[in-house]
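Below is one structure, written out as structure tokens; comments come after it.
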Amino acid sequence: MADTRTDTDAAELGQEQARIGDSGPDDQSRSRSRRRRPFIILLAIVLGVVIYALAFEQTQVDLTQITSETRQRSLANILRALARPDLVTYDTQDEITEVELAIPCGPEVATDPALTLTPTCGDPGDVVTVSGTGYEPRETVTLHFVPDSEFAITLRLTTVNTDSEGTFSTQITLPDRTSEEPQGLRAVTQEPIGTWRNRVQVYTDANENGVEDDPILGDEGTRVITVAGAPDIPAVALLDPANQVIDFVTTGEPFEAVGGTARGETALPLGESEITGLHIAGVVSVDGNVEVTLEGPPGTDLSNWRVAVYDGATGEPGGAAVYVSDTIQLSPRISDTAKITLDKILETVFLALVATTAGLLLAVPLSFVAARNIMRDISITTTNLGLILIAVPIGATVGVGAARGATSVVSLLSDNTIGLLLGMLVSAGLTWWLLRTSLPTVDAGVPTRAERIRRGVLLVLAGTIGLIGLLFTSRFLEDIGDRMHAILGWFGFIGSFFSAIGEILDVAFTVIAALGVAAVASHLASKLGYAIRKNAPRPVVRTLNVVLMAVAGALWAILVGQIIDWFYQIGDFRTIVLIPAIVGAAIGVFVAWRGMRKGEVEIGLSIYYAARTVFNTLRSIEPLVMAIVFVVWVGAGPFAGSLALALHTAAALAKLYSEQVESISAGPIEAVRATGANRLQTIVYSVVPQIVPPYISFTMYRWDINVRMSTILGFVGGGGIGSILQQNINLLEYRAAAVQMLAIAIVVATMDWASSRMREHFV
């Protein structure tokens, strides 16, 4: 028994030693890791300290300035101004309190009990204490020195605020203005006129001429306004209170205004206007100014009417529009700052809306091109690829030429509204009939080759007529929009909308025509490639593939060379044509060789990477930089900001959309493909239903982003509320800037609330 236990113990001991021996290195490794851990932690702490020390050095963190009394006082003034936004305007009247001040000292003089000087006299440079009582609590009091002078002038000394009891005490230094007669110290406060329960009518010097003008046109029925600045050929636009151009005359030849409030309006020679109401009767240059004579029925209220001077030689405005008369307004009232802010914040919101819509229309189709799971299995035969690459630029060139020809023909009817309407209706009807004929709902049998050719010809004809109809539509919208703008008055913006849509279609017509013809050419090239592969011997097809790809590569390389030459103006034939053609042909031959090995060329991933590269490049460029470019192109204003945001939005949404497409479930796609559906049907019936909710969520979120981003674009002339925000900050008008900040905060909070509610409903 003892021997048996001994053998068993020996065996267990051997197993334990073997187990220890097997796990020994792991235990040693863990032990070394535990010993090294404190040193690693210490090294990480030291490295973190060094990195943040370098960061503080680069960002120049310095808190010593916060103890400066000057900076603390300036900060307090700014914060207090921001806390009192200029939302309401009270007209004010000056309340003046004066006390006599002798420089140098003379006999004692009586002082006003509301204002006390200690002492009441002194020599130049002496310091006296000024105390005031009986004022409103926390009221602003401005102190002025009133010298003994025959001119009604004052010297501003300082500004103080009263305490909670309406008193103040401050020290002033006497100026070097001696006189034998007592001089004065004046305290001026501004008392608001009227209350919201009892509003008072007051005159406002709107035309800033220093004279109280009656806003009602007198019995003589004329009024003369002087506007500073006199161009060589003065022209004047008359604007009603709704900012509509009522009359626009010039002392020279007719011209169209290119900017300002009368942009797009045509100035007629003086005397040719047929306006029966208030109108411009005379324009004369006098002493470097322009004198404008208005005529109208006696008793006409001229309040808020304005005139704007233009240069008849250039069509550019000569300055801001000026009021023709003073106005009678109620005090208190909503401030002009609040009104301007409301107008600009609405401009900001709609700027973001237009940019988001345009970006959405571009991003949705592009998102499928940038989705890897959609593009990775797309391939094409080498023959088809070569023919399509050759056909696309040729088709685009033909489309541009055809668009120019169609534009020349339709332009003959540009001034004929009825002709444009008939052309639009006839084109639409013919296009619909040709589409119904070429695409029957039910086929009795397999169409013959002749029937397929006939249908193809009808489709091409339908597309051609449809494009011409699009041109008719654009010109008709421009014409009818201008007419609506002239007759709708306050609602003239609806006419401007139709006119703008027509202009967009007109500008885009050439691009649409080029893309349409290029698409038809690529389709025909694909059909030709299929016929060649089906009927030609294999060696001939291989040889033809090499030739086609070489020609296609050279053609596209030359196009790239021309683009580079446009940017850098190289002008060397060898650099921009010969070398690119050789390199492009070599690349084409390489692609053809790859196609020979695989039978097809996988172009899906190439398109995917190209699309991703473009999107990432556009997203890396800040909208602020894009806005600068568009301001140069289309001029300063919200349109430039809309274009900049639209381009950035298209790139950002296309990336978000494509990533959502890549994350969809593959099951529905496989199920739809199993039914024999083509690629377009697969996307419509299996991809789209899965991406609609996130697409809506991303779109609303992007609109919210664009609202916030559009507030910055105004800093570079991109429209929106940023322009007046920057102006007020530069002018240190912090109360006015506070109104714009408040408006931005309200809009952003409202957008966030609306987005969350919409996401709850749709997503």
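The values are calculated or read from the model by the stated rules, or taken from the named source; none is laboratory data. The structure displayed is predicted, hence computed values, not measured ones. No Cβ is skipped: glycine too gets one built from the backbone with ideal geometry, and neighbour counts run over all protein chains shown. To get the accessible areas, we keep the full protein, side chains included, count just its heavy atoms, and leave off ligands, DNA and RNA. Shrake-Rupley method; radii C 1.70, N 1.55, O 1.52, S 1.80 Å.
Is it the case that Ser606 is open to solvent by 30 Å² or more (accessible area, probe 1.4 Å), at pLDDT below 90, within 34 Å of the chain's Cα centre (by Cα) and among the small types (Gly, Ala, Ser)? It is true that Ser606 is open to solvent by 30 Å² or more (accessible area, probe 1.4 Å), at pLDDT below 90, within 34 Å of the chain's Cα centre (by Cα) and among the small types (Gly, Ala, Ser). Per the conditions (1) closer than 30 Å to Tyr734 by Cβ; (2) part of a loop (DSSP other than H, G, I, E, B); (3) open to solvent by 90 Å² or more (accessible area, probe 1.4 Å); (4) modelled with pLDDT under 75, the sole criterion not satisfied by Pro107 is (1). Checking region 294-310 against the condition returns a match, with at least one residue being surrounded by 20 or more Cβ atoms within 10 Å (Cβ to Cβ) and of a type in the set (Lys, Arg). Scanning region 334-350 for any residue that is over 30 Å from Pro623 (Cβ atoms), hydroxyl-bearing (Ser, Thr, Tyr), open to solvent by 40 Å² or more (accessible area, probe 1.4 Å) and not in a helix (DSSP H, G or I) turns up nothing. Only one of Ala525, Ala500 is surrounded by fewer than 21 Cβ atoms within 10 Å (Cβ to Cβ), of a type in the set (Gly, Ala, Ser) and at pLDDT 85 or above; which? Going through Ala525, Ala500 in turn, just one is surrounded by fewer than 21 Cβ atoms within 10 Å (Cβ to Cβ), of a type in the set (Gly, Ala, Ser) and at pLDDT 85 or above: Ala500.
Please indicate, with yes or no, whether at least one residue in region 253-260 is open to solvent by 60 Å² or more (accessible area, probe 1.4 Å), in contact (Cβ under 8 Å) with a residue 60 or more places away in the chain and within 16 Å of Thr314 (Cβ to Cβ). No, region 253-260 contains no residue that is open to solvent by 60 Å² or more (accessible area, probe 1.4 Å), in contact (Cβ under 8 Å) with a residue 60 or more places away in the chain and within 16 Å of Thr314 (Cβ to Cβ). Within region 220-239, if we keep just the residues that are of a type outside the set (Ser, Thr, Tyr) and surrounded by fewer than 16 Cβ atoms within 10 Å (Cβ to Cβ), the residue that is farthest from Gly296 (Cα to Cα) turns out to be Asp232. Within region 649-691, the residues that satisfy the criterion of being open to solvent by 20 Å² or more (accessible area, probe 1.4 Å) and closer than 28 Å to Ile621 by Cα are Lys655, Leu656, Glu659, Gln660, Glu662, Ser663. When Leu459, Leu477 are checked against the criterion of being within 23 Å of Thr510 (Cβ to Cβ) and touching a Gly at 6+ places or on another chain (Cβ under 9 Å), Leu477 stands alone in meeting it. Among the residues making up region 715-758, those that are on the phi < 0 side of the Ramachandran plot, open to solvent by 20 Å² or more (accessible area, probe 1.4 Å) and not in a helix (DSSP H, G or I) are Leu731, Glu733. Within region 117-166, if we keep just the residues that are among the acidic types (Asp, Glu) and touching a strand residue (DSSP E or B) at 6+ places or on another chain (Cβ under 6 Å), the residue that is least open to solvent (accessible area, probe 1.4 Å) turns out to be Glu139. The condition (being modelled with pLDDT of 90 or more and either part of a helix (DSSP H, G or I) or surrounded by 15 or more Cβ atoms within 10 Å (Cβ to Cβ) (or both)) is satisfied by just one residue among Val520, Val511, Val507: Val511.
Of the strands (runs of 3 or more DSSP E) that lie entirely inside region 125-244, those containing 1 or more residues that are closer than 30 Å to Ala308 by Cα span 200-204, 222-228, 234-239. The conditions of being farther than 23 Å from Ser522 by Cβ, hydroxyl-bearing (Ser, Thr, Tyr), touching a residue at least 12 places away in the same chain (Cβ under 8 Å) and open to solvent by 40 Å² or more (accessible area, probe 1.4 Å) are met by Thr437.
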